[in-house]
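Remarks on the structure that follows.
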Ligand SMILES: [Zn+2]
Ligand SMILES: [Zn+2]
Ligand SMILES: [Zn+2]
Ligand SMILES: [Zn+2]
């Protein structure tokens, strides 16, 4: 820990702890907007289900490892970079029978790699550094006492499979189960520039950074490397915060997501407003319906008689049945769209998404989450069919939504995406 503190102090950072939050990362100097606060390579990482290079996560020119037939590489360079770890993983995987290999999920592999990496570092095959050692993983929170029975049983089963793959007589299955719980609170989804999830990585130093629904920093990925950047001026002595979840949700939705996945109740400055007037209004705009009068920007609240909703600006009533009919139409279109999507009929899908968007505009506010999701899906399909002009239009529509919800990281990603599309159009 002392060594880590020293390494961090060179970067203008310090690890502190509070009784409510546990460990926190604080600044010991000012950071400017856009400045890199910290970067970290994953302690271990694994691509998600679809085939990708184990080292760089590309989907191009893949060749399966000829020994285990589980892991893929895009070429010799990546295979060599991963060899010290994969050599031992490969031996373990090669001994697993074919049927069982199919049941090995990315999280099982991530755990196997965690144990192998620890062993290789103990044996000094892989060098230990201050930012790259198992002690950092050891000090991550696991929230074991908050996990329900069902989840514990699942972790135990997964731990047994890990032990079966490793075949180490001295292995502690209970500890593996605890580490699965650590993964669920600490592992990060690695995304590409188009926001597509590529895999999962464990970044024990970045994991010290706590969540806020109004964060001063953002976590992005450059390849597998985690990069934390300031999104505003951060004065000396401030806690560095990032958001663990989609910040566009209402306070109730965000709190539910944090409780379910990260097992804590957020008490950030946005969350303590729960139930106050401006929070009620924000939730109604994000997740509620719009006024029946297209020119009115009022938000609706449920009628006491439960027959519908009343606009809080002009007083116009909106019938529950009318809303239900539109929702049903959207539902049946969505089902058709996902069916067509599974067959790769992307042109048809884009037409259906546009119809859904039109219907949603009748129901929701411009900043509504449902509308934003549809537009994000539409954007993805438009890129697949290489309709760059239309893609750019939806990219531009998505930026202000994220800007307004202070999800600057996402707004920025869409901005970069728009720039990329513009280059295609040029
Ligand atoms: Zn590669
Ligand atoms: Zn192999
Ligand atoms: Zn919060
Ligand atoms: Zn109105």
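At a glance:
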| item | result |
| --- | --- |
| Residue ranges of helices (runs of 4 or more DSSP H) in region 305-385 with at least 1 members over 22 Å from residue 197 (Cα atoms) and touching a helix residue (DSSP H, G or I) at 6+ places or on another chain (Cβ under 6 Å) | 320-342, 346-363 |
| Test: residue in region 42-62 that is more than 19 Å from residue 190 (Cβ to Cβ), within 13 Å of ligand 1 (Cβ to nearest atom) and either in contact with a strand residue (DSSP E or B) (Cβ under 6 Å, 6 or more places away or on another chain) or free of Cβ contacts under 8 Å to residues at least 40 places away in the same chain (or both) | yes |
| Count - residues of region 332-342 that are exposed (fewer than 11 other Cβ atoms within 10 Å of the Cβ) and either closer than 17 Å to residue 383 by Cα or in contact (Cβ under 8 Å) with a residue 40 or more places away in the chain (or both) | 1 |
| Test for residue 88: is it within 16 Å of ligand 2 (Cβ to nearest atom), surrounded by 15 or more Cβ atoms within 10 Å (Cβ to Cβ), part of a loop (DSSP other than H, G, I, E, B) and in contact (Cβ under 8 Å) with a residue 12 or more places away in the chain | no |
| Count of residues meeting criterion [closer than 29 Å to residue 122 by Cα, in a loop (DSSP other than H, G, I, E, B) and in contact with a helix residue (DSSP H, G or I) (Cβ under 9 Å, 6 or more places away or on another chain)] in region 34-85 | 11 |
| Of the criteria (1) surrounded by 15 or more Cβ atoms within 10 Å (Cβ to Cβ); (2) under 22 Å from residue 367 (Cβ atoms); (3) more than 15 Å from ligand 4 (Cβ to nearest atom), which one residue 277 fails | (1) |
| Any hit, region 109-121, residues being touching a helix residue (DSSP H, G or I) at 6+ places or on another chain (Cβ under 8 Å), farther than 24 Å from residue 48 by Cβ, without any contact (Cβ under 8 Å) to a residue 60 or more places away in the chain and outside any helix (DSSP H, G or I) | no |
| Residues that are in a helix (DSSP H, G or I) and either surrounded by fewer than 17 Cβ atoms within 10 Å (Cβ to Cβ) or over 29 Å from the mean Cα position of the chain (by Cα) (or both), drawn from region 91-106 | 91, 92, 94, 98, 99, 100, 101, 106 |
| Test result for residue 171, closer than 23 Å to residue 104 by Cβ, more than 22 Å from the chain's Cα centre (by Cα) and buried (at least 18 other Cβ atoms within 10 Å of the Cβ) | no |
| Every residue from region 191-219 that is more than 26 Å from residue 233 (Cβ to Cβ) and surrounded by 20 or more Cβ atoms within 10 Å (Cβ to Cβ) | 198, 199, 200, 201, 202, 204 |
| For residue 137: the one exception among (1) assigned to a loop (DSSP other than H, G, I, E, B); (2) modelled with pLDDT of 90 or more; (3) surrounded by 18 or more Cβ atoms within 10 Å (Cβ to Cβ) | (1) |
| Residue list for region 18-35, restricted to those being exposed (fewer than 12 other Cβ atoms within 10 Å of the Cβ) and modelled with pLDDT of 90 or more | 32 |
| Count - residues of region 51-78 that are within 9 Å of ligand 2 (Cβ to nearest atom) and surrounded by fewer than 19 Cβ atoms within 10 Å (Cβ to Cβ) | 7 |
| Boolean, residue 369 is within 26 Å of the chain's Cα centre (by Cα), within 30 Å of residue 142 (Cβ to Cβ) and modelled with pLDDT under 90 | no |
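Every residue, every condition in (1) more than 10 Å from ligand 3 (Cβ to nearest atom); (2) at negative phi; (3) part of a helix (DSSP H, G or I), yes or no:
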| position | (1), (2), (3) |
| --- | --- |
| 200 | yes, yes, no |
| 218 | yes, yes, no |
| 253 | yes, yes, yes |
| 256 | yes, yes, yes |
| 261 | yes, yes, yes |
| 269 | no, yes, no |
| 278 | yes, yes, yes |
| 281 | yes, yes, yes |
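The values are calculated or read from the model by the stated rules, or taken from the named source; none is laboratory data. Quantities reported herein were computed from a predicted structural model and do not represent experimental measurements. Reconstructed Cβ throughout: ideal geometry from the backbone, glycine too, with neighbour counts over all protein chains shown.
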